[in-house]
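This report refers to the structure that appears directly beneath it.
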Amino acid sequence: MLIIKLGALGDFVQALGPMAAIRAQHPRENIILLTTRPYVDFAEASGYVNTVWLDSRPKFFEFNKWRSLRRWLRRGKFNRIYDLQTSDRSSFYFRLFYPDKPPPWSGIARGCSHPHDNPARDTMHTIERQREQLTKAGVKMAGFDDPAKLDLSWATADVSQFDLPERFALLVPGGAQHRPGKRWPLENYKTLAAQLADQDVTPVLIGGADEHAATAEIAAAVPTALNLAGKTDLLQLAELARRAETAVGNDTGPMHLISAVGCKSVVLYSHESDPALCAQRGRDVTILRQASLTALDVEEVLDALGS
């Protein structure tokens, strides 16, 4: 049996419930996950799958990689494939079985055996869309379609090397480089970090290695801040979120994981993304949205935090 889920981080986190449901539906099956490199260790720790295979995501002209992927899929002898990526790329993988008949397939590939053919699927939140897709394929989603109730205790790691203070809050000031409109101004994050520090709550800055310059700027303005950009893996981030008092961040992948493990989270949205389609889910999530994030002031965020 095969699950396809390639990324990105927010989408991967929101597919954890469906993966857990598939495992519960097929407790004795050998389940393989086809994914990309950032999610290998995280997926292996979940226990939802037996084996993780790395998808090289071949480019159009990389014929040898396409042949290798096709050969692997055809030799897999899968008795079912759940495509949780439901992209043009993953749907094309359905075609790689030709001239053989593809295995039973849940997804949106034309001609697949268990299509999610709701014409309104693109207007549904990711979680509701996946729930409907898998329900149509016969997977029981009850208990797995609410991230607030999903047991993510497996998502843990040693974080002792970070020498964390007793009280801290996670700040996630980054986001997609090509979509600056999704980012709350850095000056606001500096002010927020300073306000938290004044309350004896240490700001802990989270982001990828490519966001280190931005987080370093905040850390320079607030010397008590702890800059962990580029220093945490996904399992460590989950553990940090579990211990944090609260978190504030833009609509970006890490906030999905932070919210999912139950951290009190405030997520900031602009007109560039729609929370009705992709909002973070968890036990305590507040969404603040302005057409432009320059119009969202620090006091409103502090009010949402209860500070």
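The values are calculated or read from the model by the stated rules, or taken from the named source; none is laboratory data. Every value quoted in this text rests on a predicted model; they were computed, and no experiment measured them. So basically every Cβ, Gly included, is an ideal-geometry build from the backbone, and we count neighbours across all protein chains shown.
Of the residues 183, 121, which is under 30 Å from residue 211 (Cα atoms) and of a type outside the set (A, V, I, L, M, F, W, C)? Every option except 183 fails the conditions. Set side by side, the residues 257, 196 differ, and just one is more than 23 Å from the chain's Cα centre (by Cα), among the hydrophobic types (A, V, I, L, M, F, W, C), in the same structural domain as residue 296 (by TED's automatic domain parsing) and crowded, with 22+ Cβ neighbours inside 10 Å, which is 196. For region 155-162, does any single residue satisfy the condition of being surrounded by 13 or more Cβ atoms within 10 Å (Cβ to Cβ), touching a His at 6+ places or on another chain (Cβ under 9 Å) and not in a loop (DSSP other than H, G, I, E, B)? Within region 155-162 (the criterion being surrounded by 13 or more Cβ atoms within 10 Å (Cβ to Cβ), touching a His at 6+ places or on another chain (Cβ under 9 Å) and not in a loop (DSSP other than H, G, I, E, B)), the answer is no, since none of the residues qualifies.
One residue alone among 68, 91, 56 is more than 30 Å from residue 149 (Cβ to Cβ), modelled with pLDDT under 95 and not β-branched (Val, Ile, Thr), and that residue is 56.
Looking at 137, 155, just one residue is free of Cβ contacts under 8 Å to residues at least 60 places away in the same chain, aliphatic (A, V, I, L, M) and not assigned by TED's automatic domain parsing to the domain that holds residue 239, and that residue is 137. Within region 47-68, the set of residues being touching a strand residue (DSSP E or B) at 6+ places or on another chain (Cβ under 9 Å) and of a type outside the set (Val, Ile, Thr) comprises 48, 50, 53, 54, 55. Against the conditions (1) at pLDDT below 95; (2) farther than 18 Å from residue 1 by Cβ, residue 117 satisfies every one except (1). Within region 14-30, can one find any residue that is of a type in the set (Asp, Glu) and either under 16 Å from residue 86 (Cβ atoms) or touching a Gly at 6+ places or on another chain (Cβ under 6 Å) (or both)? Checked against the condition, which is being of a type in the set (Asp, Glu) and either under 16 Å from residue 86 (Cβ atoms) or touching a Gly at 6+ places or on another chain (Cβ under 6 Å) (or both), region 14-30 yields no hits at all.
Please state which one of 121, 131, 75 is closer than 30 Å to residue 282 by Cβ and without any contact (Cβ under 8 Å) to a residue 24 or more places away in the chain.
On inspection, the qualifying residue turns out to be 121.
When residues in region 166-195 are screened for being under 17 Å from residue 255 (Cα atoms), at pLDDT 95 or above and polar (S, T, N, Q), 0 of them pass. All conditions in (1) buried (at least 17 other Cβ atoms within 10 Å of the Cβ); (2) at positive phi hold for residue 184, with the sole exception of (2). Checked against (1) part of a loop (DSSP other than H, G, I, E, B); (2) hydrophobic (A, V, I, L, M, F, W, C); (3) in contact with a Leu (Cβ under 6 Å, 6 or more places away or on another chain), residue 171 passes all but condition (1).
Scanning region 49-94 for residues that are closer than 12 Å to residue 1 by Cα and of a type in the set (Phe, Trp, Tyr) returns 78, 82.
Among the residues of region 139-150, the ones that are out of contact with any helix residue (DSSP H, G or I) (no Cβ under 8 Å at 6 or more places or on another chain) and in a loop (DSSP other than H, G, I, E, B) come to 1 in all. The C-beta contact set for region 78-92 (first residue closer than 11 Å to residue 115 by Cα and buried (at least 18 other Cβ atoms within 10 Å of the Cβ), second residue among the aromatic types (Phe, Trp, Tyr) and modelled with pLDDT of 95 or more, distance under 7 angstrom, 6+ apart or interchain) comprises 83/105.
Sort out which residues of region 191-204 are out of contact with any Pro (no Cβ under 7 Å at 6 or more places or on another chain), of a type in the set (A, V, I, L, M) and under 21 Å from residue 163 (Cα atoms), and write them in order of number.
Correct list: 194, 201, 204.
Within region 81-102, the residues that satisfy the criterion of being within 22 Å of residue 131 (Cβ to Cβ) and touching a Phe, Trp or Tyr at 6+ places or on another chain (Cβ under 7 Å) are 81, 83, 94.
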